[in-house]
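The values are calculated or read from the model by the stated rules, or taken from the named source; none is laboratory data. All values reported here derive from a predicted model rather than from experimental measurement. Note: ideal-geometry Cβ built from the backbone for every residue, glycine included; neighbour counts use all protein chains shown.
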């Protein structure tokens, strides 16, 4: 069984680059696919990580990037677009996203406002997650093919987490890049479900789970944003767990919320239940987890579950 969480090349054409979200290594995986000198970056992390990303691209000799694919319009996946483009002035980078994402990217105010409501007080001054409008985005729909100098990448609508989430299938390497569309999971240490605001849709996420199972025979691995690449036996376990974890975590958070626990208390309960670690939870990590809990609660509220 193989879980790949270290930066670098992990198949004939693909690289993992750590997006270091909130300054934490192993919190956001970006991916670069390269073929015959043409390269596409999947997601961007935030503005403050752009220079580090450029350095890593140069380290792995995959600089510059020619295309940026955004798996969905959440701020942690799109906020670095303009900064990365400005740091690679020698190329005209094409930005691609779901056709459903175009308006969200042009008018990110809803996402910015929601994020400000869920960010814990302890993190208010830690970082700026405001997304600037992103124009000139190439719209993608299910079944579209991206030709990367002979390497064909197929677009799938993986709705539910958002209604603009897409996945990218690399048939040659039997790998699919899913962003946050399925389940966030870091090895055996941490799991996080997909019900985030502002447009979580449970009926669509269940369809997406099934869509992934339907193409299982085409795959040996799955590359997720938070965090890493699951291969072989680990990939099999991931597929088996995704639906069970969705319903189990949803039920737990709803129960704890109805017990009138604070978001901090729910974060501690979540840690004790879903994080497989005996290590003491440091305040900085607890702040980040509490923000995710607030995010999940807001998603459940907006979708009518609480």
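Observations, loosely collected:
- The residue that is surrounded by the fewest Cβ atoms within 10 Å (Cβ to Cβ), counting only those in region 256-268 that are modelled with pLDDT of 95 or more and in a helix (DSSP H, G or I), is 258.
- Top-ranked residue in region 168-177 [being under 16 Å from residue 96 (Cβ atoms) and buried (at least 24 other Cβ atoms within 10 Å of the Cβ); ranked as nearest to the chain's Cα centre (by Cα)]: 177
- Among the residues examined, residue 221 qualifies as in contact with a helix residue (DSSP H, G or I) (Cβ under 6 Å, 6 or more places away or on another chain) and modelled with pLDDT of 95 or more.
- Scanning region 220-237 for residues being crowded, with 20+ Cβ neighbours inside 10 Å and within 13 Å of residue 176 (Cα to Cα) gives a total of 10.
- The set of residues in region 139-162 being farther than 12 Å from residue 97 by Cα and assigned to a loop (DSSP other than H, G, I, E, B) consists of 143, 149, 150, 158, 159, 160, 161, 162.
- Within region 1-23, the set of residues being farther than 17 Å from residue 79 by Cα, out of contact with any helix residue (DSSP H, G or I) (no Cβ under 6 Å at 6 or more places or on another chain) and either assigned to a helix (DSSP H, G or I) or in contact (Cβ under 8 Å) with a residue 60 or more places away in the chain (or both) comprises 4, 5, 10, 11, 12, 13, 14, 16.
- Options 279, 236: the member that is within 26 Å of residue 72 (Cα to Cα) and either part of a loop (DSSP other than H, G, I, E, B) or modelled with pLDDT under 95 (or both): 236
- Per the listing 3, 22, the residue uniquely at pLDDT below 95, more than 23 Å from residue 298 (Cα to Cα) and buried (at least 17 other Cβ atoms within 10 Å of the Cβ) is 3.
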